[in-house]
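Input: a single structure, listed below in structure tokens.
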Amino acid sequence: MPRTLVIVESPAKAKTIEKYLGKGYAVESSIGHIRDLPRSAADIPEKYKGKAWARLGLDVEDDFKPLYVVSPEKRQQVARLKKLAQEADEIILATDDDREGESIAWHLYQELKPKVPVKRMVFHEITREAIQNAIEHPRDIDTNLVEAQEARRALDRLYGYEVSPVLWKKVAPKLSAGRVQSVATRMLVERERERMRFVSGTWWDLLVTAATRDGETFPARLTDVDGMRLATGKDFDPLTGQVKKGMEVRLLDEAAARSLADGLTGQPLTVVSAEEKPFTQRPYAPFITSTLQQEGSRKLGFAATRTMRAAQRLYEQGYITYMRTDSTNLSQEAMNAARTQVGAMYGQQYLSPQPRVYAKKAKNAQEAHEAIRPAGSSFRTPESLRGELSGDEWRLYDLIWKRTVACQMADARGRSLRVRLAGRAGTGEDVGLSATGRTIDFPGFLRAYVEGRDDPAAALEDRETPLPPLKEGERVTAESVKPEGHETQPPARYTEASLVQALEAAGIGRPSTYASILGTIQERGYAVKKGQALVPTWTAFATSALLEHHFGNLVDYDFTARMEEDLDDIAGGRARRVPYLRRFYLGEGGEGMALRPLIDSKMGEIDARGIATIAVPKLDGTGIEVRVGRYGPYLQRGEEKANLPEDLAPDELTPEKAAELLGRPTGDRVIGTDGATGLPVVARAGRYGPYVTLGDGNPPVRSASLFPGDDLNTITLERALRLLSLPRLVGVSEGEEIWAQNGKFGPYLKRGNDSRSLATHEQLFTVTLPEAEALFMQPRFRARGAAAAPLRTFEYQGRAPITLKSGRYGPYLTDGERNATLRKGEDEGTLTPERALEILEERGKEPKGKAGKGTRKAAGTRAGGAKTGATRGGTGARTAAKAPARKAPASKAAARKPAAKATSARAKTATQAPTKTAPTKAALTWADLKPHLGVLSEQERALVTATRDQGRRVEEVAPTLGLDVKKAKGMALQASKKLNQAARGE
DNA sequence: CAGTGAGCGAGCTTCCGCTTGACTT
């Protein structure tokens, strides 16, 4: 019966270690972190739900005290560990020897609350020797290291959960910001900006095929003409496409190149110099996560996730060591195995004379594990595993094996040759040429492994390019001469592999997260993959611009590096977590980011409209702007707008392309021609859904939404014209016209200021005057309770029944008192009465309106709630809700006071300015709104002040602002929404 | 902002880092 419980992080590791430890030990795993800050509201324990800081999971007023909850997916494992801990005599926490591993050990200790002695042990290799050694040298949990991890965790939470909401308000909902992803996104954006600014240049040169007396041929390239060096790519200014100023170079155009080629063909050339230089090349370091992903991509064409999936399987089955590592270190066991294998397979001369040790490579590396290598003390050859491993796994193992073996092999040796030639063209110019060659005398490690390259031109380096033996003074002939045109290329976009490499170089992200970073920036819509390339989206431009301009430090490449230094200080006991976080978050002592105050001031300052406008240098002066709107990116030139196609990369947007997009009505299909007007009828997909228009302009003469059931692809001219015939005059009633129209809430009838919904769209065409009048006789609103019939009803003894209804936000449960929206996974079909009750008990909420309107007080809530519950049906509820407001006209202001208190209690920190807000949707007065004018753009502000303060009409104000009336009205509406949102603190 | 009249159960989105399944396609 084992008495010592050893806990590691990974189940696969547990299995291996258990073998080495044998009897007396039970080895278990935590499966990574077991606790974390609550991710969302659902994770917050009831006790803390009301706390102002619960959303952050950090009590910012109490020294950023973290609220840790056992992650839902780890509950089972934690329960299991608790049980095992109770049965053990001793517990050894053997999590990884790095910041996160130390933290996991500490969380295990906190959560398991062991009553038996607890030790901490660490090892960096999974070999029998290393494990034994670790067991014999236990230590205590390093609380400084734990504190450093907590600081890291808190900082990431504060950054992510405080800055993301800024993006929701200023750019688009559901976007995100974070220490890692925002820098990754910025890298893509900056590279794309370079590409957008880039102007290509053209130069020509000559490729000469020279022949020796013996008839051997070799290629040589023109390097200078009449003593002046020929211009090549690097001589060009990427911003102008012209040769850089002050460069003393000769630029060949096509005509000159062709004439020179003709003049040189058949001419003799003299070898001016022939230099031969020996070179040696050392093998590459063994794989770490980033280099494995890079080579997986270059050599096997795997995406980072695919490489990691295959590596995970190899690791679990014991074929390779741990695949998430930043250390190039090999254990003695691995070194011996590699060297033995080199000797056996390639011979002693291929073995590196000394064992090679590779220095720490990655910035901020923590080196808790070995390099990635074949497992065991003797490596299994890929050939021997052919039948055992399949597909991706075999190919990846082969790669790992080769790289590991190669790293203990001898240097490659060879000679590089550089030959200079001179000649004279028949047309009189003196020319210089150059030929290079590379000969490998001893391949050494290249026998096993040649690194793939992102840049195909560089791959040539590893290939042999022999030259015939050429001596100074030797005469050769320019047998054929080919003029070649070249264009300078913009800097290449990042690929998954090169972005990971760049992040690693900047010390950003960890081996365990590289693959998921790529996923995150794509899921958030910051980047799309085009082949191998990662192309940033316009949303990424808007987001990056916002962060760069207003939160520059957060996307500074040095920010992470500095953070790592600070964390190192905390880990070393030279600094403390709390002061560090106070500086970062509150700006205490006038130092640090001061994130919270910064956000408070920026929230009003940042002009969302300005942020949505993206700088495109090539469009300067064209009057065309790129904007990111609610429905995606679009172009604007005065009144004209055009959606930007999804697949158009930012650097492909030229003035010509933009003009073309604006010129053609977007995504439309001409169905036919209207006989009456001669205008084309067009089917279009718009932001409000599919619609048809009369006329193909922008805006069209008329437009009409399709009905549900109509299909944009199959709609006929006849049907389109019928839709365009709306609105229809139904008749005249009570001296006013009744019109049947299609609106944003569906089909409806309109008579003066009154309206009634229609049941179906088709009724728009069929409803008669008497039917319409009958509808207007009925009350305007559907009686409450007579709303859509409940989908299901659950009956209970001793309590009101619970009904399942279909609402605007999806299915929800209600018992008349409280409502609860169903969440993902809570299938309405399989819901049991017990579960329904549970859900309602757990998170049922009193509808806002009932408690809110004018009666926030206890009496109102309780009694009102009960009453509405009892008198459901008819208009009772409405009357009940309205009554108090009518009785006490002053209650609006009175009700807002306590409500405002509630809101500020819920506000994030004490530093946040007290907000004059009302959480109820009661209409806010101009006085309530006025203090928030700061959230508006200048134009919006001018418009709103003119209409509200001076009582002028939009029609009247618009021209003075240079706006047309229609646009101004839209703007006024938007501005009013923004103001209300801001005033409510939303 | 292609055009459009009410008023309705809101509640959540988001970070980074450490680990695997359990799901589905």
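The values are calculated or read from the model by the stated rules, or taken from the named source; none is laboratory data. Given the structure is predicted, the values throughout are model-derived calculations rather than measurements. Quick reminder, even Gly has a Cβ in these numbers, built from the backbone with ideal geometry, and neighbours come from all protein chains shown. Remember, those area values only see protein heavy atoms, side chains included, never the ligands or the DNA or RNA. Shrake-Rupley method; radii C 1.70, N 1.55, O 1.52, S 1.80 Å.
Considering A:GLY233, A:GLY227, the condition of being touching a residue at least 12 places away in the same chain (Cβ under 8 Å) and either farther than 30 Å from A:VAL528 by Cα or touching a helix residue (DSSP H, G or I) at 6+ places or on another chain (Cβ under 8 Å) (or both) is satisfied by A:GLY227 alone.
Being open to solvent by less than 30 Å² (accessible area, probe 1.4 Å), under 21 Å from A:VAL616 (Cβ atoms) and in contact with an Asp or Glu (Cβ under 7 Å, 6 or more places away or on another chain) is a property that holds for A:PRO536.
So that you can scan it fast, the table gives a plain yes or no per residue for (1) in contact with a His (Cβ under 7 Å, 6 or more places away or on another chain); (2) of a type in the set (Ser, Thr, Tyr); (3) part of a strand (DSSP E or B):
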| residue | (1), (2), (3) |
| --- | --- |
| A:THR209 | no, yes, yes |
| A:ALA255 | no, no, no |
| A:GLY263 | no, no, no |
| A:GLU276 | no, no, yes |
| A:PHE279 | no, no, yes |
| A:GLN293 | no, no, no |
| A:GLY296 | no, no, no |
| A:LYS299 | no, no, no |
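Residues of the range A:647-656 include none that is in contact (Cβ under 8 Å) with a residue 24 or more places away in the chain, within 16 Å of DNA strand B (Cβ to nearest atom) and in contact with a Lys or Arg (Cβ under 9 Å, 6 or more places away or on another chain). Taken together, the residues in the range A:125-147 that are over 14 Å from A:ASP96 (Cα atoms), open to solvent by 50 Å² or more (accessible area, probe 1.4 Å), not in a loop (DSSP other than H, G, I, E, B) and not polar (S, T, N, Q) amount to 3. Is there a residue being within 12 Å of DNA strand B (Cβ to nearest atom), more than 29 Å from A:ALA502 (Cα to Cα), in contact (Cβ under 8 Å) with a residue 24 or more places away in the chain and out of contact with any Lys or Arg (no Cβ under 7 Å at 6 or more places or on another chain) anywhere in the range A:186-199? No, because not a single residue in the range A:186-199 is within 12 Å of DNA strand B (Cβ to nearest atom), more than 29 Å from A:ALA502 (Cα to Cα), in contact (Cβ under 8 Å) with a residue 24 or more places away in the chain and out of contact with any Lys or Arg (no Cβ under 7 Å at 6 or more places or on another chain). Residues that are more than 16 Å from DNA strand B (Cβ to nearest atom), in contact with a strand residue (DSSP E or B) (Cβ under 9 Å, 6 or more places away or on another chain), in a loop (DSSP other than H, G, I, E, B) and not aromatic (Phe, Trp, Tyr) occur at least once in the range A:339-354. Against the test of being among the small types (Gly, Ala, Ser), away from DNA strand B (no atom under 13 Å from the Cβ), closer than 25 Å to A:LYS115 by Cα and in contact with a helix residue (DSSP H, G or I) (Cβ under 9 Å, 6 or more places away or on another chain), the options A:ALA79, A:ALA85 yield a single qualifying residue, A:ALA85.
The condition of being open to solvent by less than 40 Å² (accessible area, probe 1.4 Å), farther than 27 Å from A:LYS618 by Cα and modelled with pLDDT of 80 or more holds for only one of A:GLY686, A:GLY678, A:GLY672, that being A:GLY672. Inside the range A:86-110, residues that are assigned to a helix (DSSP H, G or I) and open to solvent by 10 Å² or more (accessible area, probe 1.4 Å) make up a count of 7.
Within the range A:43-65, if we keep just the residues that are within 11 Å of DNA strand B (Cβ to nearest atom) and not in a loop (DSSP other than H, G, I, E, B), the residue that is surrounded by the fewest Cβ atoms within 10 Å (Cβ to Cβ) turns out to be A:ASP43. Among the residues of the range A:178-191, those that are in a helix (DSSP H, G or I) and of a type outside the set (Lys, Arg) comprise A:GLN181, A:SER182, A:VAL183, A:ALA184, A:THR185, A:MET187, A:LEU188, A:VAL189, A:GLU190. Tell me the residue from A:GLU190, A:GLU216 that is open to solvent by 30 Å² or more (accessible area, probe 1.4 Å), within 30 Å of A:LEU648 (Cα to Cα) and of a type outside the set (Gly, Ala, Ser), please. Going through A:GLU190, A:GLU216 in turn, just one is open to solvent by 30 Å² or more (accessible area, probe 1.4 Å), within 30 Å of A:LEU648 (Cα to Cα) and of a type outside the set (Gly, Ala, Ser): A:GLU190.
Table: residues versus (1) within 12 Å of DNA strand B (Cβ to nearest atom); (2) in contact (Cβ under 8 Å) with a residue 40 or more places away in the chain; (3) β-branched (Val, Ile, Thr).
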| position | (1), (2), (3) |
| --- | --- |
| A:THR4 | no, yes, yes |
| A:ALA14 | yes, no, no |
| A:LEU21 | no, yes, no |
| A:ILE34 | yes, yes, yes |
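With respect to the stated conditions, A:GLU129 fails to be away from DNA strand B (no atom under 16 Å from the Cβ), in contact with a Ser or Thr (Cβ under 9 Å, 6 or more places away or on another chain) and closer than 30 Å to A:GLY592 by Cα. Here A:GLU652 passes the criteria (1) farther than 30 Å from A:GLU773 by Cβ; (2) modelled with pLDDT under 85 except the one numbered (2). Residue count for the range A:483-517, restricted to those that are of a type in the set (Lys, Arg) and within 16 Å of DNA strand B (Cβ to nearest atom): 1. Criterion first (within 15 Å of DNA strand B (Cβ to nearest atom), of a type outside the set (S, T, N, Q) and either open to solvent by 50 Å² or more (accessible area, probe 1.4 Å) or outside any loop (DSSP other than H, G, I, E, B) (or both)) does A:LEU175 satisfy it? No; evaluated as a whole, the condition is false for this residue. For the range A:610-647, filtered to residues that are open to solvent by 50 Å² or more (accessible area, probe 1.4 Å) and either touching a strand residue (DSSP E or B) at 6+ places or on another chain (Cβ under 6 Å) or in the same structural domain as A:ARG157 (by TED's automatic domain parsing) (or both), the residue that is nearest to A:LYS170 (Cα to Cα) is A:GLU625. Against the condition open to solvent by 50 Å² or more (accessible area, probe 1.4 Å), within 13 Å of DNA strand B (Cβ to nearest atom) and closer than 30 Å to A:GLY610 by Cα, how does A:LYS170 come out, does it pass? The answer is no for A:LYS170. Listed residues A:THR305, A:THR270, A:THR321, A:THR280; which is of a type in the set (Ser, Thr, Tyr), within 30 Å of A:GLY423 (Cβ to Cβ) and open to solvent by 10 Å² or more (accessible area, probe 1.4 Å)? When all the criteria are applied, what remains is A:THR270. Of the residues making up the range A:109-130, those that are in contact with a helix residue (DSSP H, G or I) (Cβ under 7 Å, 6 or more places away or on another chain) and at pLDDT 95 or above are A:GLU111, A:LEU112, A:PRO114, A:VAL118, A:ARG120, A:MET121, A:VAL122.
The residues of the range A:611-634 that are over 22 Å from the mean Cα position of the chain (by Cα) and assigned to a helix (DSSP H, G or I), listed by number, are A:PRO617, A:LYS618, A:LEU619.
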